[in-house]
Amino acid sequence: MEELKNSVRAVCYVSAAVCIIRSLTGGTKLHTVMDMLMKLIMAAVIAAPFVNRGFSSELPDISGYGSDIAYDGEEIYMNAMRMQTAENVREILVEQLSAAGISVSEIEVDVNISPDGCIDIYRVTVTADDPEAAAGLIRESLGEETEVIDGSA
């Protein structure tokens, strides 16, 4: 696989060089000579993996996977989105509670994201020095229907 990446990288570099040389030599007698030279170099770069050791790229075997691959990708994306949203909300709550003078040792936010993209923050577990004040501030920020659980209990 590394050999494939190196080959692609070499083709990209040679392609960039071809573009630069064509723009520099355009309209001159040197243009046709340099164009032919660049084509030969490009052919050598493309043929090198086949000539040196034979081109053997190992592609992963996906025959064991069903048609669930697309669904797995969506599920992975939604889980990552859920985790990132929970982390963002947690950071904001920590800042708000700290600004209110409430010392927080731990906050866990449970988030649900529906298929249409609606975010529902349905439960927050907080461990703080004043859990009642923390719960009040969290409900004020996220809505009264948010369940706030005292994590120290």
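Is it the case that some residue within the stretch 80-92 is assigned to a loop (DSSP other than H, G, I, E, B) and small (Gly, Ala, Ser)?
Within the stretch 80-92, not a single residue is assigned to a loop (DSSP other than H, G, I, E, B) and small (Gly, Ala, Ser).
Tell me the residue from Lys39, Lys29 that is of a type outside the set (A, V, I, L, M), at pLDDT 80 or above and either under 30 Å from Leu142 (Cβ atoms) or open to solvent by 100 Å² or more (accessible area, probe 1.4 Å) (or both), please. Talk me through it step by step, then tell me what you get.
On the way: Lys29 fails: at pLDDT 80 or above.
The conditions single out Lys39.
Just to be sure I understand, how many residues within the stretch 6-15 are modelled with pLDDT of 80 or more and open to solvent by less than 50 Å² (accessible area, probe 1.4 Å)? Before you say what the answer is, go through the steps one by one.
In the first step, residues of the stretch 6-15 are kept if they are modelled with pLDDT of 80 or more; the result is 8-15.
This time we only want the ones that are open to solvent by less than 50 Å² (accessible area, probe 1.4 Å), so: 10-11, 14-15.
Selection size over the stretch 6-15: 4.
Applying the selection to the stretch 93-135, what residues are among the hydrophobic types (A, V, I, L, M, F, W, C), in a helix (DSSP H, G or I) and surrounded by 14 or more Cβ atoms within 10 Å (Cβ to Cβ)?
So in the stretch 93-135, the residues among the hydrophobic types (A, V, I, L, M, F, W, C) come out as 93-94, 97, 99-100, 102, 104, 107, 109, 111, 113, 118-119, 121, 124, 126, 128, 133-135.
Narrowing further to those that are in a helix (DSSP H, G or I): 93-94, 97, 99, 133-135.
Those that are among the hydrophobic types (A, V, I, L, M, F, W, C), in a helix (DSSP H, G or I) and surrounded by 14 or more Cβ atoms within 10 Å (Cβ to Cβ): Leu93, Val94, Leu97, Ala133, Ala134, Ala135.
Can you tell me which residues in the stretch 12-45 are among the small types (Gly, Ala, Ser) and under 41 Å from the mean Cα position of the chain (by Cα)? Let's see the steps before the verdict.
Applying the first criterion (among the small types (Gly, Ala, Ser)) to the stretch 12-45 yields 15-17, 23, 26-27, 43-44.
Selection gives Ser15, Ala16, Ala17, Ser23, Ala43, Ala44.
Asn88 passes all but one of (1) open to solvent by 80 Å² or more (accessible area, probe 1.4 Å); (2) at pLDDT 85 or above; which number fails?
(1)
Of Ser67, Ser57, which residue is over 16 Å from Val14 (Cβ atoms), of a type in the set (S, T, N, Q), open to solvent by less than 60 Å² (accessible area, probe 1.4 Å) and at pLDDT below 70?
Details: Ser67 fails: open to solvent by less than 60 Å² (accessible area, probe 1.4 Å).
Ser57 is the lone residue from the list that is over 16 Å from Val14 (Cβ atoms), of a type in the set (S, T, N, Q), open to solvent by less than 60 Å² (accessible area, probe 1.4 Å) and at pLDDT below 70.
For Leu24, are the conditions met, namely being modelled with pLDDT of 80 or more and either assigned to a helix (DSSP H, G or I) or among the acidic types (Asp, Glu) (or both)? Full working, then the answer.
Values: modelled with pLDDT of 80 or more: yes; either assigned to a helix (DSSP H, G or I) or among the acidic types (Asp, Glu) (or both): yes.
So Leu24 fits the description; yes.
Have a look at Ala99, Ala128 and point out the one that is farther than 17 Å from Glu87 by Cα, touching a residue at least 24 places away in the same chain (Cβ under 8 Å) and aliphatic (A, V, I, L, M). Steps first, please.
Numbers: Ala99 fails: touching a residue at least 24 places away in the same chain (Cβ under 8 Å).
Result of the check over Ala99, Ala128: Ala128.
The values are calculated or read from the model by the stated rules, or taken from the named source; none is laboratory data. This structure is a prediction, so every number in the text was calculated from the model and none was measured. Neighbour counts are summed over all protein chains in view; Cβ atoms, including those assigned to glycine, are modelled from backbone coordinates with ideal geometry. Please note that ligands, DNA and RNA were not included when accessible areas were found on the heavy atoms of the full protein model with its side chains. Shrake-Rupley method; radii C 1.70, N 1.55, O 1.52, S 1.80 Å.
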